[in-house]
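The values are calculated or read from the model by the stated rules, or taken from the named source; none is laboratory data. Please read these numbers as outputs of a predicted model, since none were measured by experiment. Positions of Cβ are generated from backbone atoms using ideal geometry, with glycine treated the same way; all protein chains shown enter the neighbour counts.
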């Protein structure tokens, strides 16, 4: 019997299944005790009705009163915004002991899936084979903008999205309920929620209490509304049951969430471009920027605070890239992809009909990436020039807005459409809060210096008058000194005032950054068109690629992640991070105490240390480990955007909150690996223990139907 | 039956057993298949006759022709000394394909234990209770010098040492055969022998091929002799059998070697001084010096080479200290020691007779360390002032020699006695080879700067004329510029010429560094006397401490390591370096490939990579791991000086060469821990595989009685 049960359990497998595919899965054969109909059900409610997208993260309802659990790193901005030197909620944590004490989470919103439909035919009808590649891209963009706009008109208070599932092949229209009154309920102190900081980021074993509770509100009549004191808690169609007993090693688990982007269906050409060109360039640049910012913050606490967000973001990306580069090298990924493609090419060439349709397919894809590689110095300089300077990117937005807003809504670049413009405005305000002039100036100087030494034929000629030629450093410094002194974009009022104004108005402003943006604008426009052409070409080619791969491998594929709701399943499972090391999939409080140094990022609150020393584990003690479990490791298939996703046990009850991957699993975005693909959740037992024993918020446990510790 | 067999295996235990204790051990009950008489035997030969001390390391004979195996890091200096830019043996490795091709290992010597005897009574007869502490120290020093000198006179060609086993309590006289014609046979390239470099140092999992072969030679008549082409290989009384089949997890193993220093019998006062004062001071200073040197070497390859040895030495010490500090904190070592001492004090106070003899014992020890703590700023500045500058330490030696050599041999400080003086001279020459002026000057400036800001009452007044007072930096810079410009000690001929000259001669030289040394000399003399007084006091107190501890705990103790031959045993065993991580005790070639980046310290030779890819493991394949084992981990009790020690299987055959400890085991020097104390060897299977498959030196395998791969 036992042996049979074991055999019944299928091997863990790659796969972020879109909602449209869930009904095809035999979940019981994977060890789960739920059926597809328990997850998604058009007539009744399913688990997906409890899942929300909260900005770039995922969250889930855990009470009938709209209580949402997500990651600390997805929600702490809500309390950061209202923190002061006296009331530093990020440092001390924030706990509302009643609904009246909750704080509005400005700028936050949640989306809940309401319906989805396949719109591939409609989207693809907008293009035909006679179109030039760039024209093809534009036609699809326009069609999608039209569909989204009309869907939102038809369903007020909803947000619509058309998501590309397979490039150039399949499209889905999602309609989301969109709630904008979010409030912070419990955000643990940074010393718990960010324990380990950058050191531990992308690492296992992990001891980060990366969770927070927020609550969604609606108007008294139940409709979505902006914040208002009179709003009432949202009553979700479905909320997750909390499983305070947690899970054990080898238990089956699954995740519902919004993974951002993966690139597994791309070819070796793309991987080689990423491995050899873009990621090393970005990782080195970020490393330099981080070091420069850390230096600036060393003896300047105010600067350190302003720069911390940017450092964190860059460090996160850099470590991800370094992890990917290591993983690609270790797996010989490009080489493997090339071998697969060689086999595919052999299959194509074995049949004259296939040769006709697919014979040049891989070669043609390769040509696009060859072009990208040979232009990479020029293109990467342009990309990171704009990205490196907050002021320059402000000026761009302002300048571009003056051109885009003149057009009809549907003709604009998406960011400037009426449905998106308020959010663009909000993002400028947020950026300006962390503006730090010395860093901004240093980075712009660095990028202009890089532009100056670009070889002939690859130069950004628009810059020549400013940067001079190699050897003359004075020109850049002089320009920057004057530009930073005289620009008016550092001032929020001026900045927001300029946004949306006409070209004539901007000309009169005579701002050095806007002038610089105007000078560079044709280069960026040209690059955008180049990319539209490449995308148009690749869109067709990738569509053919999936066709022929399906013929060759005789199976269906799962589309790459694209920020739409996905299901992934597997087991609680350790791994071997390197020769002679084995990682166990459950960490405990002991590890927190071991890591604690008293200094950031290992400055555990004394109360937590005392609770540990007193072995005050309550009902959340793991019997075998004789300790409270803190984090869980499992072989599910996740990526960025899955942050905050509920980790669910076989019965679909929440046992953890997903927040990261192991270092070796950064490679996930390019290839799933049974050996290395491991994701990380904060254990629900730690969540409940902290909330009850540390924070004293047993009322929240009660609301979730869990007895106190 | 099985259960009984398991119970029979004693728990691994702390203990570096001196040769005098080995006969008391029941080795068979520890899982070994040898008896004490197989290890040490005054009538026949024993395993200890195959063990040598090779400078600060251990080695062992592995053939009847005087072939010695030790660590790469213990022997690579032999080929470094004869390397040139064209023939860089350190980089490429060195292999003699016949005895004629071997290279003299200048400056190397080996010592083989010939006899030992307990001389406690004789040594202790030289002191009496009426002596003042410093007088007591001096009397013992003199007695020991006399005994050593007369033993060496009696046994020409031998080296004698009197080693203190328990402070102020027990002493042993060792007589060593002393061989000075050593030759390099096979030293693998640095990319194997130092694989992982500083990154992996003090770390597990490990993949360093830290082994080398040298050969000992004697005069044609079999007596010890300096290098001569006509010398013949030394025929050891005993050599170790090589076990090419290696060991497995949980196999019993033991080590014979020369562990340097441990401090486990010291009290909490000593540990607190180390934890709070000395180690943080030294680790921070070393870290700064390392960073400065790395910076200097960044764009200056010649400087980088000159500084590499010093960087390596400091980095090794710094990482050891940091590891110890982490371990002490994690184990709460000082607190634990305090608790033990409180229990001991309670025991003492329970009996009026004990109170009389031991009542103030712990308090009196504490007073010495209180004094050291309150003088630490002054004393550490003096210590590291001399240590930081090669030129200043040269000047000291030269100046001190002028005073010491005037005295009768036995009255001199040990380094200046006739039996040691040639070695002192040699060490100056070696130091000068790596002299790098900018670093030397920077470090001296730093230490003078630290001296300048010492508080009143703790100042090195002899320096006042040079360093001025805080705030006036000009004085130091001016002094240093002139001193480094005009000193003659940078020149080898001048330096050696000055060494041994009279004070009058030195006066006439008018060298700024010798003048500085002369100015500081009284301060150092005073510090030396202070320390003699403390040692004299502690010598008596520690002797009493061991007495009362024995009464209290009713057991015998093993003395702290003191560079004499010791036995330690245990098992091949992994450990948990941290919460949720488990380390397996055998690493493999796979790990080398995983770590390889192509850049130092992970620049594996292509030939090794090719052998791995071809799975050309020969007979050294580990069946379960399907790979060649590279390094081994075990719970034996080792410390510095055990480097190069043979790791022996139950039958006393060599299965590895000990070379390091795991990071958490740096704490070993202060306290042994069943959880953390783990040492590391290079696996004999890797040694043989590299020697055969990589180097093609099957003749060496033949000489060791091992069939080729």
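Structure data summary
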quantity: Odd one out for residue B:570, checked against (1) more than 12 Å from chain A (Cβ to nearest Cβ); (2) surrounded by fewer than 24 Cβ atoms within 10 Å (Cβ to Cβ); calculated: (2)
quantity: Selection from the stretch A:57-82 of residues that are in a loop (DSSP other than H, G, I, E, B) and touching a residue at least 40 places away in the same chain (Cβ under 8 Å); calculated: A:62, A:63, A:64, A:65, A:66, A:71
quantity: The stretch B:214-238, subset surrounded by 24 or more Cβ atoms within 10 Å (Cβ to Cβ) and touching a helix residue (DSSP H, G or I) at 6+ places or on another chain (Cβ under 8 Å), residue nearest to residue B:684 (Cα to Cα); calculated: B:214
quantity: Hey, residue A:396 assigned to a helix (DSSP H, G or I), over 30 Å from residue A:137 (Cα atoms) and touching a residue at least 60 places away in the same chain (Cβ under 8 Å) or not; calculated: no
quantity: Candidates B:195, B:211 - the one that is away from chain A (no Cβ under 14 Å), under 30 Å from residue B:87 (Cβ atoms), buried (at least 22 other Cβ atoms within 10 Å of the Cβ) and at pLDDT 95 or above; calculated: B:211
quantity: Checking residue B:578 against (1) within 14 Å of chain A (Cβ to nearest Cβ); (2) surrounded by fewer than 24 Cβ atoms within 10 Å (Cβ to Cβ); (3) in contact with a strand residue (DSSP E or B) (Cβ under 7 Å, 6 or more places away or on another chain), the condition it does not meet; calculated: (3)
quantity: Any hit, the stretch A:576-592, residues being more than 29 Å from residue A:247 (Cα to Cα), modelled with pLDDT of 95 or more and touching a helix residue (DSSP H, G or I) at 6+ places or on another chain (Cβ under 7 Å); calculated: no
quantity: Selection status of residue B:249, over 20 Å from the mean Cα position of the chain (by Cα), touching a residue at least 60 places away in the same chain (Cβ under 8 Å) and surrounded by fewer than 16 Cβ atoms within 10 Å (Cβ to Cβ); calculated: yes
quantity: Looking only at the stretch B:591-619, and only at residues there that are closer than 15 Å to residue B:694 by Cα and in contact with a strand residue (DSSP E or B) (Cβ under 8 Å, 6 or more places away or on another chain), the one that is nearest to the other protein chains (Cβ to nearest Cβ); calculated: B:592
quantity: Residue B:427 closer than 24 Å to residue B:523 by Cβ, surrounded by 15 or more Cβ atoms within 10 Å (Cβ to Cβ), under 22 Å from the mean Cα position of the chain (by Cα) and without any contact (Cβ under 8 Å) to a residue 60 or more places away in the chain; calculated: no
quantity: Any hit, the stretch A:549-559, residues being surrounded by 17 or more Cβ atoms within 10 Å (Cβ to Cβ) and either within 12 Å of another protein chain (Cβ to nearest Cβ) or not in a helix (DSSP H, G or I) (or both); calculated: yes
quantity: Residue A:85 vs. criteria in contact with a strand residue (DSSP E or B) (Cβ under 9 Å, 6 or more places away or on another chain) and either part of a loop (DSSP other than H, G, I, E, B) or surrounded by 13 or more Cβ atoms within 10 Å (Cβ to Cβ) (or both); calculated: no
quantity: First in the stretch A:677-704 and without any contact (Cβ under 8 Å) to a residue 12 or more places away in the chain, second anywhere and surrounded by 24 or more Cβ atoms within 10 Å (Cβ to Cβ), Cβ under 9 Å, 6 or more apart; calculated: A:698/A:691
quantity: Condition check for residue A:125: in contact with a strand residue (DSSP E or B) (Cβ under 7 Å, 6 or more places away or on another chain) and modelled with pLDDT of 95 or more; calculated: no
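Yes or no, residue by residue, for (1) closer than 30 Å to residue B:310 by Cα; (2) under 28 Å from the mean Cα position of the chain (by Cα):
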| position | (1), (2) |
| --- | --- |
| B:345 | no, no |
| B:365 | no, yes |
| B:372 | yes, yes |
| B:379 | yes, yes |
| B:384 | yes, yes |
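This table checks each residue for (1) touching a strand residue (DSSP E or B) at 6+ places or on another chain (Cβ under 9 Å); (2) within 30 Å of residue A:676 (Cα to Cα); (3) touching a residue at least 12 places away in the same chain (Cβ under 8 Å).
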site	(1), (2), (3)
A:323	yes, yes, yes
A:338	no, yes, yes
A:341	no, yes, yes
A:360	no, no, no
A:400	no, no, yes
A:416	no, no, yes
A:419	yes, no, yes
